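Enquirer: Take a look at the following structure, please.
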Amino acid sequence: MFMNFRRIRKCQCVQLLTTGLVLCMVMVCWEELDHHVVSHMRSYTYRYLVNRYDFLNSSFNITSKHHHRKDGSDSVGDRLWNYSYLINHPGKCGGSGGDGKSWDDVLLLLFVKSSPENFERRQAIRDTWGNESFIWSELGASMRVVFALGMHHDVKRRSRVQTALQQEDQAYGDLIQQNFVDSFHNLTAKLILQFHWGHEYCPQARFLMSADDDIFVHMPNLVKYLRQLESSQSGAKDVWVGHVHRGAPPVRRKNSKYHVPYDLYPWPSYPDYTAGAGYVVSGDVAAKIYHATLVLNSSIYIDDVFMGICAKAMGVSPQEHVYFSGEAKAPYHPCIYDHMITSHGHAADVRSLWHTATDPAVYSNYRGSMGNLYCTAVRAMLLCLPYYHNTYSCMAAFT
């Protein structure tokens, strides 16, 4: 039996070239691979399997230390709650009782985080899922909707935009604005605004929801869910529900807007938190978060992470709801609308989606045992595909 040494050398060369090519690809893509795979595995393992560590120490206590923000501004982390109001509506939820008035009954206080220039988005919300009159007349639920804003980031345009905001507020009376710059790195200031305003002016609200101005909320489904929580044996207590991120690692890449340096947050994993696009807390949890913001350093500029830190300090844990979306849109289908609570990424189609998702005629062909079986199959095909992994989990198809 003869051996072909030329063929052996050829195979070795192919293996060597293949190995080199793979190593080159790993080196080129390592940053993305490390961010999306390796760091998540390391973070999740350390968070849940190796050491269930306490995320909080003296570094999160309020100090007078100045923190430099990426947008070039310096702010004191423990003074974010001390901004003054430029536009406010203290009577939005009724009287405080001291002047003979009584607080209005409010099922849901809904804060929509919006940018000053996003008038069209706010108007679309007022006309659809944020319409207080519709929610009251059609669902019998008392809801208060306000938009949380800062000042326009462009100093040259700020005066003109502020005039437009004043006119908008005169027409609708639903803007709440403080004098911080409305930017990504001030989202924590906007979160603190929500919980402080709610504590001061609407403490009787049984639930508080925080939402971006590019999400869609299926209000009939949400109201139904909140009433189920109230009627449950435990009642509406210790509720913090949304799309939960567990064991998420800080982003250490300096070119990312989510970059968090080690000196700001030294641990390899964040506390569990819900996606900031849309989540709901019960009134008692809202009060706990308010008190946490008074004693914790708010230098973390990623608002949903700071929410997780506050909740961790107060002993509150997030609860997953499979129909609160993550970072992407939910599939367009009546079998999805029947269960959806929120869907993210709707800047232009809010009105059309509202009319479709709330039209009873849309669901007429999907009732009964056969309809349920059909919808389960459709949801499985839609939600169990990788494309939709950031909206609802595959588990939602069978819930």
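The values are calculated or read from the model by the stated rules, or taken from the named source; none is laboratory data. Computed from a predicted model, the values in this text were never measured in an experiment. Neighbour counts run over all protein chains shown; Cβ positions are idealised from the backbone, glycine included. In case anyone asks, the SASA skips ligands and DNA or RNA and just uses the protein heavy atoms, side chains included. Shrake-Rupley method; radii C 1.70, N 1.55, O 1.52, S 1.80 Å.
Enquirer: Expressed as a rounded percentage, what relative contact order does segment 334-397 have, with Cα pairs under 8 Å and six or more residues apart?
Expert: So the answer I get is 32 percent.
Enquirer: Then there's this: Compare the peptides 281-287, 155-161, 354-360 by average per-residue count of other Cβ atoms within 10 angstrom and give them in order, highest first.
Expert: In descending order of packing, they fall as 281-287, 354-360, 155-161.
Enquirer: Which whole-Hz ³J(HN,Hα) couplings does segment 373-385 yield from phi under the Karplus relation 6.51 cos²θ - 1.76 cosθ + 1.60, θ = phi - 60°, glycine and proline marked x?
Expert: 5, 4, 5, 4, 5, 5, 5, 4, 5, 7, 8, 8, 8
Enquirer: While we're on this one: Measure off, as a whole percent, the carbon and sulfur share of the 1.4 Å-probe accessible area of segment 334-397, all protein chains present.
Expert: So the carbon and sulfur contribution to the accessible surface is 64 percent.
Enquirer: If you take the Cα atoms of segment 334-397, find Rg, then find the Kirkwood Rh from the mean of 1/r over all pairs, what is Rg/Rh?
Expert: We get a ratio of 0.98 for segment 334-397.
Enquirer: Excluding ligands, DNA and RNA, what is the solvent-accessible area per residue of segment 334-397 at a probe of 1.4 Å, expressed in Å²?
Expert: Roughly 52 Å² per residue, with all protein chains present.
Enquirer: Taking 20 Å as the cut-off for C-alpha to C-alpha distance, list the pairs among Lys288/Lys329; Lys113/Lys329; Lys190/Lys288; Lys288/Lys312 that go past it.
Expert: Lys288/Lys329, as the Cα separations exceed 20 Å there.
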